[in-house]
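Below is one structure, written out as C-alpha cells; the observations come after it.
The values are calculated or read from the model by the stated rules, or taken from the named source; none is laboratory data. All values derive from a computational prediction rather than experimental measurement. As a convention, Cβ positions derive from the backbone with ideal geometry for all residues, glycine included, and neighbour counts pool all protein chains shown. Ligands, DNA and RNA are excluded from the accessible area calculation, which covers all protein heavy atoms including side chains. Shrake-Rupley method; radii C 1.70, N 1.55, O 1.52, S 1.80 Å.
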Amino acid sequence: MTASSWQPLLADILRRQAADLVVEHGLPGAVVGVVAGREPDAALAWSYAFGPQGGPAGPNQHGHTIGPDTLFRVASITKTFTATAIVQLRDAGKLHLDDPLVKHVPEFAAVENPFGPIEEVTLRRLASHSSGLMGEPPLDHWISLRFPTRDEWLAVLPQVKVAIQPGSAFKYSNLAYTLLGEVIERVSGESYPAYMQRMVFEPLGLASTGYELTDALAGRAATGHLPHPYADEAAIAPPSPLNGMAAAGQLWTTVRDLSRWVSAHFRVDVQEAGGVQLLAGRSLAEMQRAVYVEPSWAGGYGFGWRIVRHGERIYHGHGGSVPGYRSQILFDASLKVGLVFLIDGVGAADAIAGELMDTLTAGVAAAERTRPVGPLPATPADYRRFLGLYRMRHIGDILLRVEYRDGQLLLKEGASIFPTPPIALEPTADPLAFMVRGGRYAGELLTFSLAADGGASGFRASGFSFVRLTDPDRNP
C-alpha cells in the first residue's frame, strides 16, 4: 500500500505528537522520518525537523537548514550495516555464520573462555549479542573519549574474557562488533570502510553516509550537544571518533539515507541480490529472525536487529548513543513501514520513537483495513478438488484444512495451543504434488490422491497419511 492513502492525516498527528515529545524531553533538536514501501528511491514518505521548543528547526552553524538531509552520528545503528556485510560475505561463500571467530581472527585464541572452548564464540553469536563476550576492550575509552586503534585493541585481547556462558543470554557488546569489522577486513581483503562503501553505500545510493565527515558533507552535519546538569542550556559535545572500533558505531548518515536503508530490508520477496538488493530476500528474512529470545518472549535479537513485541505488532530496529547524539530506527516488516528518529543531543530516542511508531502502525493498519478490495480470484478447477477437511489416518484428533485464499492454496491447522499460520502449498510439475512452505512439513512434498470421481480422497506428507472428510461442494 502506498503512503498516499494515509500520509496526510498521519503526518499531522505525528508532527504534533513528536513536537510535544521534543518539548517534554527537553531536546535541543530532532528530525523524524516515516519510511513506507520497499522502493528505496521513494522510501521517505514524510519528515519534519524540530527545534528545542518543538517548532521548526533552524539552520546549523554552516547555514544548512536542519532536515532529512542533515548528517547525524547514529552510533550503534552502524551495527545493522556491519551485520549485513557479514551476511553478504556468507552469501559470497567466504565464511559461514557459525564459524568460530578464531578461524578468521586467530589472535582471539588468547581470550579466556572459562565456560568451554573458545570456538563457542561464533560469528552468529557475536552478531546477535549472545556470545557472552565482555562489552568493551579493557581500556579507558569511554572515560577519555579516545577510542583505541585497531592495533591497540588487538594488543589487549589477552586481557579479554568471555563473561557469561555463550548462547545463554543477551549481553550487548561493542567489542563483538569491533571484531566483526575485523572479520570483514580479513575476509574481503580491503579496509572495513572501503568494503562498506563499495558493497553497501554505493549500490543502495547512500550518498550522505560514511564513517568520516568529508569536506563536502561537513556543512550539513548537525552539532551534537550535551545538557548542562544544572541549567536549561546545552554545551557542544566533544569529538569522540571511534577509530579502530568504527564497525560498532562510527557511522554518519541522514534521515533520508536511513529511510533507504530500512526500505531495503523490506525486500524479502526478491530472490536474487544485485543493485539496491543488497542481499537475496531469504537472507534479509534470515537476519530478521530471532537468534536469541528473552525468557519473557517480549523481545530478542536477530542478526544485527533488535526485535520487540508491542502488543500485537513486532518491531525490528536499532538505536545508538555517542556523546552528543541519540538515534533510533524501527520498522514493521508486515506493514512495510518504519520510523527514523535522530537527535542532536541527549534524550530517550528509543522511547520517543516507540511512541511515534505505535501511532504510525495503528494508523497504517486502520487504513489497510478500509482499503478497497477488488474481486477475489475464483478457485481454479484443478485446486477445487483438493479443498476440504482432512484427518490423519490412525490418529483421529489431528485435523487439517486445505483452502484457497487470496489466490493461493493453503494448509491450515485446527485449534491448537501452538497455532501455526496458514501454510502455502507451492505447485510443482506434478499437478497432485505441492511443496510445503512452512510448519512441520516445510520443505517436503504433500501429494494428493484421487477418488474415482476425480476429487481428492486424501494426501500424504512426510510419511503421514490423511483422509479427506468433507467436500465443500457437496457439504457446504
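The listed residues are Phe50, Phe108, Phe72, and the only one of them that is modelled with pLDDT under 95 and among the hydrophobic types (A, V, I, L, M, F, W, C) turns out to be Phe50. Determine whether Thr82 is β-branched (Val, Ile, Thr), within 24 Å of Gly167 (Cα to Cα) and open to solvent by less than 10 Å² (accessible area, probe 1.4 Å). Judged against the criteria, Thr82 is a match. Summed over region 299-343, the residues that are part of a loop (DSSP other than H, G, I, E, B), over 13 Å from the mean Cα position of the chain (by Cα) and over 25 Å from Ala246 (Cα atoms) give a count of 3. Is there a residue being in a helix (DSSP H, G or I), in contact (Cβ under 8 Å) with a residue 24 or more places away in the chain, open to solvent by 40 Å² or more (accessible area, probe 1.4 Å) and not aromatic (Phe, Trp, Tyr) anywhere in region 235-248? Yes: region 235-248 contains one or more residues that are in a helix (DSSP H, G or I), in contact (Cβ under 8 Å) with a residue 24 or more places away in the chain, open to solvent by 40 Å² or more (accessible area, probe 1.4 Å) and not aromatic (Phe, Trp, Tyr).
Let's see how each residue does on (1) of a type in the set (D, E, K, R); (2) surrounded by fewer than 19 Cβ atoms within 10 Å (Cβ to Cβ); (3) in contact with a Pro (Cβ under 8 Å, 6 or more places away or on another chain):
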{"site": "Arg326", "(1), (2), (3)": "yes, no, no"}
{"site": "Asp332", "(1), (2), (3)": "yes, no, no"}
{"site": "Leu342", "(1), (2), (3)": "no, no, no"}
{"site": "Ala348", "(1), (2), (3)": "no, yes, no"}
{"site": "Ala351", "(1), (2), (3)": "no, yes, no"}
{"site": "Thr359", "(1), (2), (3)": "no, yes, no"}
{"site": "Ala365", "(1), (2), (3)": "no, yes, no"}
{"site": "Arg371", "(1), (2), (3)": "yes, yes, no"}
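Quick check, is Phe459 buried (at least 17 other Cβ atoms within 10 Å of the Cβ) and aromatic (Phe, Trp, Tyr)? So Phe459 fits the description; yes. The C-beta contact set for region 55-75 (first residue over 19 Å from Leu14 (Cα atoms) and open to solvent by less than 40 Å² (accessible area, probe 1.4 Å), second residue of a type in the set (Gly, Ala, Ser) and not in a loop (DSSP other than H, G, I, E, B), distance under 7 angstrom, 6+ apart or interchain) comprises Leu71/Ala221; Phe72/Ser327; Val74/Gly320; Val74/Ser327; Ala75/Gly249; Ala75/Gly320; Ala75/Ser321; Ala75/Ser327. Taken together, the residues in region 314-326 that are among the hydroxyl-bearing types (Ser, Thr, Tyr) and within 17 Å of Ser263 (Cβ to Cβ) amount to 1.
Would it be correct to say that Val402 is at pLDDT below 75, β-branched (Val, Ile, Thr) and on the phi < 0 side of the Ramachandran plot? No.
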